[in-house]
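In what follows, a single structure is set out as structure tokens and then discussed.
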């Protein structure tokens with residue numbers, strides 16, 4: 001038997017990363033091996049990384065090392081004195097300015113690995129996302145890392161009950177909300193969906209069609225940062241239910257190029273809360289339980305109201321849990337023929353037109 005330890009692997013790059021899942025959603029947190037970035041805000045670092053180092057995103061997220069269902073976070077230094085670190089969020093087709101599930105995974109990883117010290121029953125610190133400062137409150141009773149509660153940047157409703165034309169279907173009513181990303185929010189019952197796991201492929205294909213139609217027919221621009229994209233996500237939702245425990249609903253967020261967010265989606269939860277608040281369906285301090293397609297949950301609440309430009313806005317707090325599944329040394333050998341991976345349409349869907357036809 002050959003001794004692999006005696007074989008010197010010709011390495012081009014090595015990265016240390018933690019594989020995680022946040023309430024079921026598959027994520028990576030890269031903590032070393034990254035190139036040095038120019039000083040600036042996390043948003044400026046993200047733009048530089050996207051322009052000059054996008055090959056690293058492709059290395060992690062495309063096959064043979066990654067997959068369409070994953071996202072990756074790059075921990076980078078921050079110049080903001082209030083933050084302990086900055087992070088760049090990357091998905092299969094874009095660099096979101098904010099992601100709730102990824103934020104929970106970053107915070108959990110930093111606590112569980114000692115990058116941020118545990119300071120008591122509740123450990124508080126701030127991270128700098130491309131969207132801005134994100135407050136973190138983590139349950140660390142008995143020295144164990146539990147649920148992470150993050151205080152998001154402001155969320156607001158762009159428009160309510162907007163009618164768009166969906167090719168092959170007809171008129172479709174959507175709400176558009178921003179919670180760190182911009183969502184076209186659709187009643188799943190319009191298409192007869194129950195939001196269960198077996199509907200995942202049909203939801204994904206239809207969600208991509210709705211996103212394309214909504215983005216073309218409802219152009220929106222963030223009032224404080226015109227560089228942010230408009231509608232890039234579709235969220236299917238069930239009607240809200242009320243009980244003594246608060247308000248509850250289920251959702252399925254479609255992430256490009258066409259897959260289901262396995263967790264209940266943090267920025268989607270914030271956008272949903274903003275739309276619900278604008279409709280008078282939820283008030284400040286009310287508990288909101290948001291379920292995913294696999295019945296994992298985030299809890300959210302409105303902790304304050306504010307303004308974003310001319311829009312009435314809210315500050316949300318969202319909480320959930322992450323579990324680390326592996327600590328990995330990702331290696332790029334010098335002669336690897338796929339340093340940026342590849343995408344094949346059996347698992348990386350193309351846009352499909354006219355999946356749903358009006359009767």
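Brief remarks follow.
- Counted residues, the stretch 269-306 - those being over 14 Å from residue 151 (Cα atoms) and under 16 Å from the mean Cα position of the chain (by Cα): 7
- Counting the residues of the stretch 128-148 that are assigned to a strand (DSSP E or B) and at negative phi gives 10.
- Screening residue 226 against (1) touching a residue at least 24 places away in the same chain (Cβ under 8 Å); (2) part of a loop (DSSP other than H, G, I, E, B); (3) more than 18 Å from residue 187 (Cα to Cα) leaves a single unmet condition, (1).
Listed here are the residues, each with its yes/no results for (1) touching a strand residue (DSSP E or B) at 6+ places or on another chain (Cβ under 7 Å); (2) farther than 24 Å from residue 182 by Cβ.
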residue	(1), (2)
279	yes, no
294	no, yes
303	yes, no
307	yes, no
319	yes, no
330	yes, yes
337	no, yes
341	yes, yes
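- Just one of the listed residues (180, 192, 230, 170) is more than 28 Å from residue 299 (Cβ to Cβ) and in contact with a helix residue (DSSP H, G or I) (Cβ under 6 Å, 6 or more places away or on another chain), namely 230.
- Within the set 304, 271, the sole residue that is under 26 Å from residue 224 (Cβ atoms) and surrounded by 19 or more Cβ atoms within 10 Å (Cβ to Cβ) turns out to be 271.
- If the condition is being part of a loop (DSSP other than H, G, I, E, B) and on the phi < 0 side of the Ramachandran plot, then the stretch 254-284 contributes 256, 257, 261, 262, 263, 264, 279, 281, 282, 283, 284.
- Residue 327 meets the conditions (1) over 25 Å from residue 214 (Cβ atoms); (2) in contact (Cβ under 8 Å) with a residue 60 or more places away in the chain; (3) under 21 Å from the mean Cα position of the chain (by Cα) in every case but one. The failed one is (3).
- Qualifying residues in the stretch 167-184 (those that are surrounded by 24 or more Cβ atoms within 10 Å (Cβ to Cβ) and closer than 12 Å to residue 213 by Cα) - the one farthest from the chain's Cα centre (by Cα): 174
- Among residues that are at pLDDT 95 or above, over 30 Å from residue 90 (Cβ atoms) and in the same structural domain as residue 308 (by TED's automatic domain parsing), residue 223 is not included.
- Qualifying residue in the stretch 169-178 (condition: closer than 21 Å to residue 220 by Cβ, without any contact (Cβ under 8 Å) to a residue 24 or more places away in the chain and part of a strand (DSSP E or B)): yes
- Screening the stretch 289-300 for residues that are assigned to a strand (DSSP E or B) and touching a residue at least 24 places away in the same chain (Cβ under 8 Å) and picking the one that is farthest from residue 199 (Cα to Cα) gives 300.
The values are calculated or read from the model by the stated rules, or taken from the named source; none is laboratory data. Just so you know, these numbers come straight off a predicted model, no measurement behind them. Positions of Cβ are backbone-derived with ideal geometry, glycine not excepted, and every protein chain shown enters the neighbour counts.
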